[in-house]
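Comments concern the structure below.
The values are calculated or read from the model by the stated rules, or taken from the named source; none is laboratory data. Just so you know, these numbers come straight off a predicted model, no measurement behind them. Every residue, glycine among them, receives a Cβ derived from its backbone with ideal geometry; neighbour counts consider all protein chains shown. Heavy atoms of the whole protein, side chains included, go into the accessibility calculation; ligands, DNA and RNA do not. Shrake-Rupley method; radii C 1.70, N 1.55, O 1.52, S 1.80 Å.
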Amino acid sequence: MHLSAPFIKRPVATSLLSMALLLAGSVAYTLLPVASLPDVDMPVISVGAGLPGGSPETMASAVATPLERQFGRIAGVNQMTSSSSLGSASVTMQFDINRDINAAARDVQAAINAARSQLPSYLPQNPNYRKANPADAPILILTLTSEVLSKQQIYDMADSILAQKMSQIDGVGQVFVGGSSSPAVRVE
């Protein structure tokens, strides 16, 4: 006796069984909670440091390297990438998926404080960090123009008024104002 013998003897039961399986599969397929790109919040912290006028080589050797040495001692770091450009260095760390992002942020702040003695003494401010989700992208980009105000006045208003108000909105992660610079004098 073959495995297919009962199905050949009862074609109506076989058809009904096939239809029931097809219907159950169709219903189950629509209820599957599967996404082609699942929404996973990876614990990622990005650290940035600025040194006006610093070459990319200087930023890599004098700023990024001491920070990377300290960040390498933090438990749970899966991946660390850094980039250096004219006047700025950035180090991005990705942690284990089950690592608490707030605890990781405390560890990063402690590592920044420990690396401060190895950083250049003429660094204008301590490196800062922010918790970031690499899946997030800019939602809103504004361009301001005026026929009445100068570029510096527009920048001052955008930095002091608009950016402050936008950063107070619930759900806003970061507000960045670019395109101009504050007046400054550097004496060596």
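Descriptive notes on the structure:
- Of all residues in segment 94-105, those being surrounded by fewer than 12 Cβ atoms within 10 Å (Cβ to Cβ) and either assigned to a strand (DSSP E or B) or at pLDDT 90 or above (or both) number 0.
- Check on residue 49, within 20 Å of the chain's Cα centre (by Cα) and not in a helix (DSSP H, G or I): yes
- Residue, farthest from residue 129 (Cα to Cα), within segment 67-93, restricted to residues that are part of a loop (DSSP other than H, G, I, E, B) and open to solvent by 50 Å² or more (accessible area, probe 1.4 Å): 86
- Residue 64 at pLDDT 90 or above, loosely packed, with under 11 Cβ neighbours inside 10 Å and either more than 19 Å from the chain's Cα centre (by Cα) or part of a helix (DSSP H, G or I) (or both): no
- Every condition in (1) touching a strand residue (DSSP E or B) at 6+ places or on another chain (Cβ under 9 Å); (2) in contact (Cβ under 8 Å) with a residue 40 or more places away in the chain is met by residue 100 except one, and the failing one is (1).
- Any hit, segment 86-99, residues being more than 20 Å from the chain's Cα centre (by Cα) and of a type in the set (Lys, Arg): no
- Long-range neighbours under 6 Å by Cβ, at least six apart or interchain, first residue open to solvent by 100 Å² or more (accessible area, probe 1.4 Å) within segment 24-41, second modelled with pLDDT under 80: 41/133
- Single residue of segment 47-57 satisfying the filter (modelled with pLDDT under 90 and buried (at least 17 other Cβ atoms within 10 Å of the Cβ)) that is farthest from residue 118 (Cα to Cα): 54
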